[in-house]
Every structure is written in C-alpha cells, then in structure tokens.
Amino acid sequence: MSRILALDYGEKRIGIAVTDEMQIIASGLATVPTAEIFEFLKEYIKLEKVELFLVGEPKQMDNTVSESEKHIRPFLSKLAKIFSDIPIKRVDERFTSKMAFQTMIDSGLKKKQRQNKALIDEISATIILQSYLYNK
C-alpha cells in the first residue's frame, strides 16, 4: 500500500502528517515554510508512494467556509496541477489547533515548548489525518 499525507495549510507554514504504509497510524512528519512546500513534496514523493493528499478545510461554526479558504484555493489548484495523479480530499479542520495545543499540555510540554507554532501545525495535521482514518 501507499501513504496518505495530510496538510494543515497556513500562509507562513504547512504542518504535514503521514500514515504508515498500511494506513493505520498517523504521525507528524514536518512543518515546512509555505513557500517551500512543493519542493518538499516533490522530494518526499520520490522516496515514498503517496496515494492521497488530505487538506484541512477551515469552516465556521455554522458550517460556512472560513475567510482563510481564499488563501487555500490557489494552493489546492497548484497542488492538483503539480501532482495530477494524486487525488486531494478535504477534511474539516475545526478545532484542530485547539486540540493540538491541548495535546501539548496533556503530554507535559513546558510553556516555552507549547509556543512553538510549527509543532502546533504538525500536530494539527496529525489530528486531521487521524480523524480521516477514524471515519474512513
């Protein structure tokens, strides 16, 4: 089998999580500056077979699209163009940042460590991926 990559898009950086080859376990992979994401993905896909991209879909509490979606759409278009053979699915990402922060607290990270926004993005991507695997 091949892996599933989850992307938590942000204007400054993108958190990335990946499954194992059996698509059972979700693990944080990296946080990459947004400007460098396509080079990172090209290199990763040279090494690993990726079957699916999951991209977080920010929504409001009333289920309408979030304002940040306007930044994600151009990214999705470019992702689909560059990796035309890998499908893209969207996953509701409401509360993932809050859940990621709570995960950091629960795991005993010190306040200084919890201020690491790159780590929050990576954990958020992992939560997006776990929710997809759970509901698959």
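Ordering 51-58, 78-85 by mean Cβ neighbour count within 10 Å, with the highest value first, yields 51-58, 78-85. Taking amide H as placed 1.01 Å from N in the peptide plane, Leu52 has its amide H under 5 Å from the amide H of Leu5, each at least 5 places away in sequence or on another chain.
Measuring between alpha carbons in the structure, the pairs from Lys42/Lys70; Lys42/Lys136; Lys110/Lys136; Lys12/Lys89; Lys12/Lys110; Lys70/Lys110 lying more than 30 angstrom apart are Lys110/Lys136; Lys70/Lys110. Could you go through segment 68-82 in sequence order and give the Karplus-derived ³J(HN,Hα) for each residue, using 6.51 cos²θ - 1.76 cosθ + 1.60 with θ = phi - 60°, rounded to whole Hz, and x for Gly and Pro? Result, rounded to whole Hz: 6, 4, 5, 7, 7, 4, x, 4, 4, 4, 5, 4, 5, 6, 6.
Since every read-out is calculated from the coordinates, none of them should be taken as a lab result. From a predicted model like this one, the values you see are computed outputs, not experimental measurements. Every residue, glycine among them, receives a Cβ derived from its backbone with ideal geometry; neighbour counts consider all protein chains shown.
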